[in-house]
Amino acid sequence: MMMADCSGLVRICVAISSSLLALAGCSSETAGEPAGQVSSNSSPSSGSANGGDIPDLTVSNPLNVDPFIDRPCDLVPKRVADSFGGGTGQEAKGELADHLGPSCNWDLKGNGRAFHVSLGSETRRMGGRGLVEIYENVKAGIGGYVEPTEIPGHPQYPAAFGTLDDDKRSEGYCPVNIGTSNDMVVTVAFENLVKPSQACPAALRVAASVLDTLKKGD
């Protein structure tokens, strides 16, 4: 499995690597469940989309991630990291960035909390088809899970919890994948080992801030 140089963020990087590996050309049959807002709690729900039809994942107003390829840490404003106790983003190096796209890690103050943002730009360059590939790979039995959700304030951008690894939301590892265009996925993963139930709400907050930044195009 491709891994970033994440030092203390090993588990969260495994989650994010698996999300992006799902976009790396392993797609097969379709999967999913009719879209709709899914609870942001940390446990799987009956809405887990591991079978059935793929929801409509079309992005009508695509966002341009290219200005942030060389500065992925700028996707999350300092005030957002500060709201979780503070921490400085550090760009990840290694195979994850080289083969899948740039990424940034925030190791937050206090034990057991961190988050990570990755751009699937290299996957896009290799012909990736965006969020649909995660659904297809789960349906094909490659592994993992996918469950549709909604980013607060951004219902027009399809999103789903999920990776190719086991579902560890109940343990405080929550990855959310956002379709910013029909061939681009931005993945946010939040880790909270102390209060696992807060990991997914936090991941959605970070994801919303990333979309806010992309809309501004700063």
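Every number in this text was worked out from the coordinates using simple rules, so none of it is lab data. Note that this is a predicted model, so its numbers are computed, not measured. Cβ coordinates were reconstructed from backbone atoms using ideal geometry, including for glycine residues, and neighbour counts include every protein chain displayed.
Would you mind checking which residues have amide H under 5 Å from ASN182's amide H? H placed 1.01 Å from N; only 5 or more apart, or other chain.
Sorted by chain and number, the residues that satisfy this are VAL59.
Take each of the peptides 81-89, 135-143, 56-64, average the number of other beta-carbon atoms within 10 Å over its residues, and list them starting from the highest.
135-143, 81-89, 56-64
Rg and Dmax of the stretch 68-212, using alpha carbons, in Å: what are they?
Rg, Dmax (Cα atoms, Å): 14.3, 40.
Name the residues whose placed amide hydrogens come within less than 5 Å of the amide hydrogen of ILE54, ignoring near sequence neighbours (fewer than 5 apart) on the same chain.
Here ALA31 satisfy the definition.
Based on the Cβ-Cβ distance from ARG79 to ALA140, what FRET efficiency comes out when R0 is 35 Å, to the nearest 0.05?
The computed FRET efficiency comes out at 0.30.
Work out from phi, with θ = phi - 60° and the Karplus expression 6.51 cos²θ - 1.76 cosθ + 1.60, the ³J(HN,Hα) of each residue of the stretch 201-217, listed in order in whole Hz, and give x for Gly and Pro.
x, 5, 4, 5, 5, 5, 4, 4, 5, 5, 5, 4, 5, 5, 5, 6, x
Across all directions of projection, what mean area in square nanometres is found for the Cα convex hull of the stretch 128-197?
The number I arrive at for the stretch 128-197 is 4.8 nm².
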